[in-house]
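For reference, the structure is listed below as structure tokens.
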Amino acid sequence: MPDHTLVVIGGDAAGMSAASRVRRTQSDRPIIVFEKGRHTSYAACGMPYYIAGEISTSGKLIARTPEEFREKHAIDARTGHEVTAINTGAKTVTVHNLATGETFDQPYGDLLIATGASPIRPPIDGINTPGVFSLSSLQSGIDVWNWLDGRKPRNAVVVGGGYIGLEMAEAFLRRGLRTTLIDMAAQVMTTMDADMAGLIPPFMREAGVEVRLEEKLVGFTSNDDGEIESVITDKGPIAADVVVMGLGVKPNARLTELAGIALGAGGAIHVNQRMETSAPNVWAAGDCAESFHRISGRQVAIALGTIANKHGVVAGTNISGGNAVFPGVLGTAITKFNELEIARTGLSEREARELGMDVEVAMIKSRTRSGYYPGSDRITVKLTAEADTGRLLGGQIIGMPGSGKRIDTVATAIMANLTAHDLAFADLSYAPPFSPVWDPVQTAARQLLK
């Protein structure tokens, strides 16, 4: 009799959302989740705020513990278990129990690969020096917290000016550390256009962060105790008692590749819109799997918790006999540095032009509320649209509180294939405490019509 067990590799967003989806529709099906780390179903995006001291305990970032999955949902979640091989012919995975050293083969009926992504750590001198961290698992965030709490460092260096870089620069400032951010690029936030990203460093510098662009990481030096002492760049040393690397991530797909399962964009696992891989009864979801970009029409690898959770729901629906299709992504994302909110969706102007698209752009400055209303503050919006049709292709927003989530209006318009005219004349709400009579995104859309 064929084994009916669902085996999931990876116990965070995609893996557990899929397992939970299957459990809701198939109450008696055996479900086993193998997670090599210590935690399941945690909010990785909350780690910088935990490190900053805004979240009182790491436990608040855990949605459900392995015990809760086992006792309340009949999902056999096993932490400290690393899958080391996949045999698609025999329909088994080889599992190593990290606590006991035991190795065993587990049969599956369906296999979901949700192995996530790993931080990029370049092979340079001193990269493994104690005090040099990367954020990935919840435990990695706890390790940074423990280092700050135990060592009481004074000088922090953040390598990379993306989402993690900005969030960790804020976290270190809040902990009272002298903070330096370096990036070899000419701008922070390379997912945005340079004219928008250029608004960010002045705000960071005013807050006390030393932002050093076009500066390349070379290595690290250690003190007499073997712990981090300085970051070495092509422009000299920078004192550092703690370092966080924020150079992006790469999909954890090596295990899949060794099993003969096809890889796709950015080294992620190739999947169709049902989250099926090239192997029968093997599915993939989350940061390890690719997605279809709705505007470029290309497969992409984008590591975002929002995407991972949706991947998991689609995979879980199909594994349990349903018929769900993942509709694709725009890469909608948001972050902040102190009060400055930063958001983007769809294609940037640069990305659109690199794809050979003929585009129109509008970049406007406005206010978050009616100008006369207390608390009204600055917001900058940039929209990109197809030149001949006016179809919206992308948007970027930078501004003070109340700015960032407006990106969701732009993302919804793009998902619906709306034009700049459609957005400009959409029946949006208005009251002085919330926006000017023409919301800033509509002002930008009107600019595209000129």
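The values are calculated or read from the model by the stated rules, or taken from the named source; none is laboratory data. This one's a predicted model, so the numbers in the text were calculated from it and none came from an experiment. Using ideal geometry, Cβ is built from the backbone for each residue, glycine included, and neighbour counts are taken over all protein chains shown.
Quick notes on this structure:
- One residue stands out in the stretch 96-119 among those that are touching a strand residue (DSSP E or B) at 6+ places or on another chain (Cβ under 7 Å) and of a type in the set (D, E, K, R): the one that is surrounded by the most Cβ atoms within 10 Å (Cβ to Cβ), namely 110.
- Conditions (1) outside the structural domain of residue 285 (by TED's automatic domain parsing); (2) at negative phi; (3) surrounded by 18 or more Cβ atoms within 10 Å (Cβ to Cβ): number failed by residue 331: (2)
- Residue within the stretch 277-286 that is among the small types (Gly, Ala, Ser), touching a helix residue (DSSP H, G or I) at 6+ places or on another chain (Cβ under 6 Å) and either not in a strand (DSSP E or B) or not assigned by TED's automatic domain parsing to the domain that holds residue 414 (or both) present: yes
- Residue check for residue 266: part of a helix (DSSP H, G or I) and small (Gly, Ala, Ser): yes
- Of all residues in the stretch 100-126, those that are among the hydrophobic types (A, V, I, L, M, F, W, C) and assigned to a strand (DSSP E or B) total 5.
- Meets criteria (crowded, with 23+ Cβ neighbours inside 10 Å, among the aliphatic types (A, V, I, L, M), part of a strand (DSSP E or B) and at pLDDT 95 or above) for residue 158: yes
- Within the stretch 392-414, the set of residues being touching a residue at least 40 places away in the same chain (Cβ under 8 Å), within 17 Å of residue 352 (Cβ to Cβ) and either surrounded by fewer than 19 Cβ atoms within 10 Å (Cβ to Cβ) or small (Gly, Ala, Ser) (or both) comprises 394, 395, 411.
- Scanning the stretch 127-155 for residues that are at negative phi and part of a loop (DSSP other than H, G, I, E, B) returns 127, 128, 129, 130, 135, 136, 137, 153, 154.
- Lone qualifier among 179, 190 - being farther than 15 Å from residue 336 by Cβ, over 21 Å from the mean Cα position of the chain (by Cα), among the hydroxyl-bearing types (Ser, Thr, Tyr) and surrounded by 15 or more Cβ atoms within 10 Å (Cβ to Cβ): 179
- Contacts under 9 angstrom Cβ, first residue in the stretch 350-372 being more than 20 Å from residue 410 (Cα to Cα), partner basic (Lys, Arg), 6 or more apart: 355/298
- Residue count, the stretch 264-282 (criterion: buried (at least 18 other Cβ atoms within 10 Å of the Cβ) and within 21 Å of residue 249 (Cβ to Cβ)): 8
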